[in-house]
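Please treat every number below as a calculation from the coordinates, not as lab data. What you see is a predicted model, and the numbers here were worked out from it, not measured in a lab. Glycine also receives a Cβ, built like all others from the backbone with ideal geometry; neighbour counts cover every protein chain displayed.
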Amino acid sequence: MKPKTERQKRVMFLHKRLKPTYKNIYKWALNNCIKHFGYVAKDIATCLCCAEDFSVKKSMHVVRCPKCKRKLELVRTRKMKYDQLVYVGKMEQVEEYQVLRFYYIKVFFKKGEIPKCNMYCVFEDWISPDLDREFVARVFTVGFYYDKGIWTNDLELRNIDRRESILRYMDSIFYYDKGGIRGDLLQKGINFDFIRKLKNIDLIDVIQSSSASVAETFIKRKNTRFLKEFIKNPMEVKKNWRSIKIALKNNYTPLDIQVWFDYLENLRELNKDVLSPKYILPKNLILEHNKYMLKRYEKLEKEGMEGATINKTIAENVIYIDRLKKYFPLHFQNKNISIEPLKSIEEVKMEGNTLNHCVYVNGYYKKESRLLFSAKVNSKPTETIEFDLYTNTIIQQRGYGNCKSIYHQEIEKLFLNCIPQIQQITNL
């Protein structure tokens, strides 16, 4: 795309002046992002990072290489080769712009040889002081598998909408902890100490959300769990903001914030005080969540026998089907895993009962922008997926008792690969 506006022309002018920083980033990535293995044959281990041979005992599973001092996971195998792909983001200040450059780093290991690397910059985010953005990138062609793809062509201006679809296929993202950060972002708490704590959070989302006072509170406290939830689900965070402030005051951050939000909703429905530390800061969140979920379910079942409630449920079911019926033919299949939408409130209820979670009790079927899927393994419900139709992202993916199933990653990869099919229906 040729630059048309003055801002686009300036971005491309500054882009051409950027200097490559491959050597330092590769060295950092090799030490901090890449998994280190030692291949073992006949009690002789070979470090894949420095090619050093040394003897190990059969009982050893992890050892430190005597030469390069890296901690190695020992793998007993006859394999000779191994490769690993990561993406590394680097912050740079270029004139008035905050630039985030993403590097593709693929390391090729071969037993007895020094690793070789294929590395290049794949895209850049240019953010102005007023948070306007330009996107400079290569063309990304999706492969058959979720984590595979091909980068082609030169770095050029691209449509910003393409960024989200690209990020979906970038599995392992790390942030280099050196570079340049603009003064206004430093004042908001976005510094390298904070960036080191980021995991599975898009730094651009952090920068864009930093203008909100809620996000700024999380950033300055370096609370990445609440920040991640705010980026993904801002309305839920704002709804529970008073309870969150009490939690922060007491240094309480739940391991699973979405489960905590569901727990707070159950407390509200049962007329409990959601501003009381006695209720909202449980030591065992899952135990308390399940306890109040059961109480609310019993309340719903009791109310469900009344005529007015029956009529209300029938009306809600009609609304649910009418709103989402165009998605109901969707069916994703890979070997013994199948994923399809939940097509009625009764199906949502059965899903919640089977997997012992609160998809029905907490009324997830009432959320207008959400689509609920049931992922089955060998035709048995295994996980429930909540998908946001506006942002085209997975909000949550829950197995039995709100835990991940052993098929979690396989289900996620299959679903992510099929998101374009959902988008096509949305855009009709």
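Expressed as an acute angle from 0 to 90° and rounded to the nearest 10, what is the orientation of the C-alpha long axis of helix 345-355 relative to the principal long axis of the chain? So the helix axis and the longest Cα principal axis differ by about 60 degrees. Shape analysis of region 271-428 places it in the oblate category; the axes a ≥ b ≥ c from the Cα gyration tensor give an a/c of at least 1.5, with a/b not above b/c.
What does the C-alpha gyration tensor say about the overall shape of region 329-381? Classify as rounded when a/c is under 1.5, otherwise prolate if a/b is larger than b/c, or oblate.
oblate
Relative to the current alpha-carbon distance between Leu186 and His408, full extension at 0.36 nm per residue lengthens the span by 76.2 nm. Taking a virtual spin label 7 Å from the Cα of Glu316 along the C-beta vector, which residues in region 246-269 bring their backbone nitrogen under 14 Å of it? It comes to 266, 269, nothing else.
Database remark: amide H of Thr393 closer than 5 angstrom to the amide H of Asp388 (H placed geometrically; neighbours at sequence offset of 5 or more, or on other chains; Pro and chain starts carry no H).
Between Ser55 and Arg76, full extension at 0.36 nm per residue minus the direct alpha carbon distance yields a gain of 6.3 nm.
Relative contact order of region 70-116: 36 percent, from C-alpha pairs under 8 Å at least 6 residues apart in sequence.
Give the calculated FRET efficiency between Lys272 and Leu131 to the nearest 0.05, with a Förster radius of 41 Å applied to their Cβ-Cβ distance.
Details: r = 40 Å, r/R0 = 0.97.
My answer for the efficiency is 0.55.
Going by average Cβ neighbours within 10 Å, how do the peptides 176-182, 381-387 rank, with the highest at the top? If you can, show how the numbers build up before the last one.
Numbers: 176-182: 16.4, 381-387: 22.1.
Highest-to-lowest ranking by the protection proxy: 381-387, 176-182.
What's the long-distance tail for region 357-404, i.e. % of Cα pairs beyond 18 Å? Considering region 357-404, 27 percent of its Cα-Cα pairs are separated by more than 18 Å. Within the shell of other residues whose beta carbon sits under 11 angstrom from the beta carbon of Met80, the net charge comes to +4, with Lys and Arg scored +1 and Asp and Glu -1. Neighbour counts of C-beta atoms inside 10 Å place Tyr103, Tyr252 in the sequence Tyr252, Tyr103, starting with the fewest. Measuring against 26 Å, Cα to Cα, the residue pairs Lys16/Lys106; Lys27/Lys220; Lys366/Lys404; Lys239/Lys283; Lys220/Lys272; Lys291/Lys366 contain Lys27/Lys220; Lys220/Lys272 as the ones spanning a longer distance.
Label positions at Ile44 and Thr393, each projected 7 Å from the Cα along the C-beta direction, are separated by 5.1 nm.
What separates the Cα centres of region 236-267 and region 8-60 is a distance of 39 Å.
For Leu72, nonlocal amide neighbours, meaning residues 5 or more places apart or on other chains whose placed amide H falls under 5 Å from its own, are Val63, Arg64, Cys65.
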